[in-house]
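Peer 1: Okay, here's the structure, questions in a sec.
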Amino acid sequence: MDKTGNIAAGDVTVRPMRSADETAPDWRSALPELEGRRIRLREPQPGDATALFSLLSTEEVARFISPPPPTVEAFERFIGWAQRQRAAGQYVCFAVVPRNGNVPIGLFHVRALGPGFGTADWGFAIGSEFWGSGLFAEAAELILDFAFDILRTHRLEARAAVCNGRGNGAMKKIGAEREGLLRHSFYRNGDYVDQILWSVLHEDWKRRQQDKAIWGSSVIH
């Protein structure tokens, strides 16, 4: 999957310190499961291929992402590839699953743009029937916490087509910074389209989370 999407809140069950230490989970061996209020994120398995193909190959979803695997079998191969890339320390992919079920409703990924994950990009896609439900927002916060706390990412980038109003609105909601216009940077359905480049820095994300915690615990009389 690739670089575009939609976004906003939850809590990751594992929150080690950002500095390297021996207590950090070995995500290269297996991804930890991340739990929010209504969803959990886990590594995709071959048995998820049918559900993911059905969700992410619809026109509403596929028009703003790079073409997804074209068959169920191709999705199975993608899942195997993602696991190998995770083991190599280059890429992580999570399936979004409701807490009361086990059928995925979407995917998130984070890809290293250089040695380690100091600079990385992320992409995401959610089944259209779940748009506007707040589940995307909850999953996005789990992913950002994982990237900054576990992968020790410093800068996380995303791109969204200019015409993707939902995706660009989601970036604003999580506090991403709009950095510029990438002209004709996305090829889809025979045409090149412009994309907006967004970024989130580690320190900005942590400051935003601290501010939210302060305001969330305040009592206004």
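Peer 1: For the range 87-105, what are the residues that are buried (at least 16 other Cβ atoms within 10 Å of the Cβ) and either among the aliphatic types (A, V, I, L, M) or on the phi > 0 side of the Ramachandran plot (or both)?
Peer 2: Passing the criteria: 92, 95, 96, 97, 105.
Peer 1: Looking only at the range 160-195, filter to residues that are buried (at least 21 other Cβ atoms within 10 Å of the Cβ) and not polar (S, T, N, Q); which one of those is farthest from the chain's Cα centre (by Cα)?
Peer 2: 186
Peer 1: Just one of 73, 43 is of a type in the set (Asp, Glu) and either touching a helix residue (DSSP H, G or I) at 6+ places or on another chain (Cβ under 6 Å) or closer than 23 Å to residue 137 by Cα (or both); which is it?
Peer 2: None of the other options fit; the residue is 43.
Peer 1: Residue 120 - would you say it is in contact (Cβ under 8 Å) with a residue 12 or more places away in the chain and either over 26 Å from residue 84 (Cα atoms) or in contact with a strand residue (DSSP E or B) (Cβ under 6 Å, 6 or more places away or on another chain) (or both)?
Peer 2: Taking the combined requirement at face value, the residue satisfies it.
Conditions tested, residue by residue: (1) at positive phi; (2) of a type outside the set (D, E, K, R).
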position: 151; (1), (2): no, yes
position: 163; (1), (2): no, yes
position: 174; (1), (2): no, yes
position: 179; (1), (2): no, no
position: 184; (1), (2): yes, yes
position: 195; (1), (2): no, yes
position: 198; (1), (2): no, yes
position: 204; (1), (2): no, no
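Peer 1: Something else about it: When residues of the range 43-86 are filtered for being more than 26 Å from residue 113 (Cα to Cα), open to solvent by less than 40 Å² (accessible area, probe 1.4 Å) and touching a residue at least 40 places away in the same chain (Cβ under 8 Å), how many remain?
Peer 2: Summing the residues that are more than 26 Å from residue 113 (Cα to Cα), open to solvent by less than 40 Å² (accessible area, probe 1.4 Å) and touching a residue at least 40 places away in the same chain (Cβ under 8 Å) in the range 43-86 gives 3.
Peer 1: Which residue out of 150, 196 is of a type in the set (Val, Ile, Thr) and out of contact with any helix residue (DSSP H, G or I) (no Cβ under 9 Å at 6 or more places or on another chain)?
Peer 2: 150
Peer 1: Search the range 39-70 for residues being at pLDDT 95 or above and part of a loop (DSSP other than H, G, I, E, B), and hand back the single one that is farthest from residue 162 (Cα to Cα).
Peer 2: 45
Peer 1: Here's another thing I want to ask about it. Among 198, 205, which is of a type in the set (Phe, Trp, Tyr), part of a strand (DSSP E or B) and out of contact with any Ser or Thr (no Cβ under 9 Å at 6 or more places or on another chain)?
Peer 2: 198
Peer 1: Something else now. Report yes if some residue within the range 33-42 is open to solvent by 10 Å² or more (accessible area, probe 1.4 Å) and hydrophobic (A, V, I, L, M, F, W, C); otherwise report no.
Peer 2: no
Peer 1: Does the range 161-190 hold any residues that are among the charged types (D, E, K, R) and farther than 21 Å from residue 133 by Cβ, and which are they?
Peer 2: Scanning the range 161-190 gives 177, 178, 179, 183, 188.
Peer 1: Tell me, please, whether a residue that is farther than 21 Å from residue 34 by Cα and of a type in the set (Lys, Arg) can be found in the range 178-187.
Peer 2: Yes, the range 178-187 contains at least one residue that is farther than 21 Å from residue 34 by Cα and of a type in the set (Lys, Arg).
Peer 1: Also: Count, please, the residues in the range 128-187 that happen to be assigned to a strand (DSSP E or B) and among the small types (Gly, Ala, Ser).
Peer 2: Final tally of qualifying residues: 5.
The values are calculated or read from the model by the stated rules, or taken from the named source; none is laboratory data. The structure presented is a predicted model; accordingly, all values stated were derived computationally and were not measured. A quick note on method: Cβ atoms are made from the backbone with ideal geometry, for glycine too, and the neighbour counts reach across all protein chains shown. Heavy atoms of the whole protein, side chains included, go into the accessibility calculation; ligands, DNA and RNA do not. Shrake-Rupley method; radii C 1.70, N 1.55, O 1.52, S 1.80 Å.
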